[in-house]
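Down below is the structure, laid out as structure tokens.
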Amino acid sequence: MLEKERKLALVDIIVSQSDLKGFIIYANPIFYKIAGYTYGKLIGENHNIIRHPEMPKAVFKLLWEQLENKQEVYCFIKNRAKNNRYYWVFAYIRPSLNKDGTIRNYISTRRAISNKAKAIIEPLYQNLLEVEKSNGVKASEEIFKKFMRQNRYQNQSDNEIIHNIQY
Ligand SMILES: Cc1cc2nc3c(=O)[nH]c(=O)nc-3n(C[C@H](O)[C@H](O)[C@H](O)COP(=O)(O)O)c2cc1C
């Protein structure tokens, strides 16, 4: 069956907070609405409950490496709602720190991916997924890093590159 896309409206801002392993502590009403869960049902679930099988593993590997390094991250994610619809987001995830500098939790805010970004990211992720199936995650990670290098202007950070792709 062909999956249907759910496009986020500009006003849809999906917010959640998680523990150090990605388990959901808080989700805003828009998160429940878009992901299709009854209010309260996402608490205690891992964020991978909305993971779409077509998301390349390399993207999450790099995401966690940056988060555990206490860096904030911008990334594009294809998610799956309970009713099997998929929805693309432009996500921002930020670690919040305790006074002693250790990570307390993570906060994510997501909005609609732009058409411009989707046209670039969808084929890139499809390629990464195929490479992962044939040559493994390491090979797909290399392709992703090469993509970032090719899109880097002067000393831009990875987050600036992702931001530029969205806008
Ligand atoms: C704050 C936060 C938000 C996250 N949001 C998503 C998300 O929207 N979609 C998603 O698939 N994974 C998200 N993740 C990553 C998941 O926890 C998980 O690593 C990912 O879905 C891959 O799952 P898997 O390793 O079980 O395949 C988020 C993690 C954190 C810390």
inquiry  = As an exercise, identify the trypsin sites (Lys or Arg not before Pro) in segment 29-110 lying in DSSP coil whose Cβ has no more than 16 other Cβ atoms within 10 Å.
reply    = LYS41, LYS70, LYS82, ARG85, LYS99
query = Which residue, TYR153, TYR39, TYR86, has the most motion in a Gaussian network model of the chain that connects Cα atoms within less than 10 Å?
reply = TYR153
message = Give me the 1.4 Å probe accessible area per residue for the chain, excluding ligands and nucleic acids, in Å².
response = 57
ask   = Quick one: ranking THR38, THR109 by accessible area, 1.4 Å probe, largest first, what do you get?
value = THR38, THR109
message = Can you bin every Cα-Cα distance in segment 76-125 into 10 Å intervals starting at zero and give me the percent of pairs per bin, rounded to whole numbers?
response = 22, 37, 24, 15, 1
request  = State the percentage of accessible surface on segment 48-163 attributable to carbon and sulfur atoms; use a 1.4 Å probe and exclude ligands, DNA and RNA.
outcome  = 47
ask   = So what's Rg/Rh here for segment 20-72, counting alpha carbon atoms and using the Kirkwood radius for Rh?
value = 1.01
request  = Within segment 47-146, list the GluC sites (Glu not before Pro) lying in a DSSP loop whose Cβ has at most 14 other Cβ atoms in a 10 Å radius.
outcome  = GLU54, GLU72
query = Over segment 105-155, what lengths in whole Å, largest first, do the semi-axes of the equivalent ellipsoid take, defined as the square roots of 5 times the eigenvalues of the alpha-carbon gyration tensor?
reply = 21, 16, 14
inquiry  = From the alpha carbon gyration tensor of the chain, can you work out the equivalent ellipsoid semi-axes (sqrt of 5 times each eigenvalue) and give them in Å, largest to smallest?
reply    = 24, 21, 16
request  = Could you grab the relative contact order for segment 1-80? Cα pairs under 8 Å, six or more apart, rounded to a whole percent.
outcome  = 21
ask   = Using a cut-off of 22 Å between alpha-carbon atoms, which lysines can reach LYS57, once sequence neighbours fewer than 8 places away in the same chain are excluded?
value = LYS21, LYS70, LYS78, LYS82, LYS118, LYS133, LYS138, LYS145, LYS146
task = Find how many whole Å separate the alpha carbon centroid of segment 12-66 from the alpha carbon centroid of segment 94-167.
result = 16
ask   = Rounded, prolate or oblate: which fits segment 33-104 when a ≥ b ≥ c are the square roots of the eigenvalues of the alpha-carbon gyration tensor, with rounded for a/c under 1.5 and prolate only if a/b beats b/c?
value = oblate
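Find, among the GluC sites (Glu not before Pro) in segment 1-47, those assigned to loop by DSSP (not H, G, I, E, B) with at most 14 other beta-carbon atoms within 10 angstrom.
Those satisfying the criteria are GLU3.
The values are calculated or read from the model by the stated rules, or taken from the named source; none is laboratory data. It should be emphasised that the depicted structure is a prediction, and the values quoted were computed from it without experimental measurement. For neighbour counting, all protein chains shown are included, and Cβ atoms are generated from backbone atoms with ideal geometry for every residue, glycine included. Ligands, DNA and RNA are stripped out before the accessible areas are found, and what is left, the full protein with its side chains, is counted by its heavy atoms. Shrake-Rupley method; radii C 1.70, N 1.55, O 1.52, S 1.80 Å.
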